[in-house]
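Presented below is the structure to which this report refers.
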Amino acid sequence: MERKKFVQLFHLALILIDMTDAGKLCDFAAKFPCKGSHCLPSPCKNEVRQCYCNEGYEGDGETCVSLPYKDCQDVYDAGHRQDGVYTIMPTGWPGLPFDVSCKMENGGGWTVFQRRTDGSTSFFQNWTAYKDGFGDSRNLWLGNEKLHYLTNQRNYKLRFDITTSNGSAMYAEYQEFQIDSESSNYTMNKLGIRSGTTGYQLFRSKGEQFSTHDRDNDACGNFNCAEKHKSGWWHSNTWCSKCYDYYCDHFKLRSSCHTLCTMDNLNGVYNGANGEMIFSRSDERVRTYCSPSSLR
Ligand SMILES: [Ca+2]
């Protein structure tokens with residue numbers, strides 16, 4: 001009997017020790033004295049207990065080095081709150097890091113991929129120009145190839161900020177935005193629900209391929225929307241079939257035809273309206289914490 005009690009007590013002690021040890025295992029400093037200041041505070045990730053680098057850093061968890069920013073949201077997260085040009089490197093990007101214009105507003109870092117402020121840059125450009133990007137700080141298209149890599153890293157939301165030619169400030173925000181690769185002619189894969197005050201016709205571009213005057217990928221037979229509307233865009237057959245006699249100019253509220261064909265084609269002929277197309281992360285980061293079950 002004494003022996004049985006002893007065994008029971010011994011087992012109880014083992015359990016207590018194990019529980020205490022489990023607590024210690026998640027005691028970051030005691031069990032895993034990570035050296036750098038960039039280690040994840042939680043020692044547990046995917047049920048493996050060790051040091052980990054914070055997001056934005058890479059290494060073995062004890063030595064962490066800073067990774068390039070993947071987008072303007074990373075720049076914002078690193079503490080930068082000034083609008084400006086920053087160097088980024090999207091995941092999988094085969095080229096060198098490149099500069100983008102970042103807007104730090106509305107609680108995040110927004111990557112600018114289109115801007116119109118005057119008519120000094122033509123947006124009636126060919127496939128290669130739209131693929132690689134063109135323009136300057138005042139008027140720009142970042143480039144479809146970069147847009148593809150950028151928008152496939154995370155979940156993004158899209159926003160327009162526009163001042164129309166009559167001075168009205170407007171905006172639109174879509175909760176999803178993603179552009180496919182060149183093999184699908186940069187199809188607009190995702191476009192979420194819209195909120196805001198601009199037109200809402202961009203929904204017609206969801207699922208559409210990108211077209212330029214020299215690459216007609218629109219769904220309108222015997223008609224080249226990019227040629228007619230003088231812009232590279234995710235042209236839909238709705239626009240071209242309803243606007244045979246018009247070309248789409250830059251964002252403008254006008255006739256019924258223009259309501260359909262120009263409200264959300266922001267690359268048309270410049271007409272005095274200014275604006276930007278920007279995107280930012282739309283979801284909170286997914287974090288893995290220790291759970292009681294994963295400690296054992
Ligand atoms: Ca066509």
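The values are calculated or read from the model by the stated rules, or taken from the named source; none is laboratory data. Bear in mind the structure is a predicted one, so any value in this text is a computation, not a measurement. Using ideal geometry, Cβ is built from the backbone for each residue, glycine included, and neighbour counts are taken over all protein chains shown. Only protein heavy atoms, including side chains, enter the accessible area calculation; ligands, DNA and RNA are left aside. Shrake-Rupley method; radii C 1.70, N 1.55, O 1.52, S 1.80 Å.
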Tell me whether segment 90-186 comes out rounded, prolate or oblate; compute the Cα gyration tensor, take square roots of the eigenvalues as a ≥ b ≥ c, and use a/c under 1.5 as the rounded threshold. oblate
Distance in Å, no decimals, from the C-alpha centre of segment 98-113 to the one of segment 162-185 is 14
In a shell of Cβ-Cβ distance under 10 Å around Glu105, excluding Glu105 itself, what net charge do Lys and Arg (+1) and Asp and Glu (-1) give? +1
For 161-169, 178-186, 142-150, ranked highest to lowest by mean beta-carbon neighbours within 10 Å, the order is 142-150, 178-186, 161-169
Net charge of neighbours whose Cβ lies under 9 Å from the Cβ of Tyr171, counting Lys and Arg as +1 and Asp and Glu as -1: -1
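Could you sort out which of Lys146/Lys230; Lys131/Lys190; Lys45/Lys206; Lys45/Lys131; Lys131/Lys228; Lys146/Lys228 sit more than 28 Å apart by Cα distance in this structure?
Numbers: Lys146/Lys230 22 Å; Lys131/Lys190 19 Å; Lys45/Lys206 37 Å; Lys45/Lys131 39 Å; Lys131/Lys228 20 Å; Lys146/Lys228 26 Å.
Exceeds cut-off: Lys45/Lys206; Lys45/Lys131.
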Keeping all protein chains in position, work out how much accessible area Val269 exposes to a 1.4 Å probe, and write it in Å² to the nearest 10. 50
Which of the peptides 101-113, 84-96 is most tightly packed, and how do the rest follow, judged by the mean count of other Cβ atoms within 10 Å per residue? 101-113, 84-96
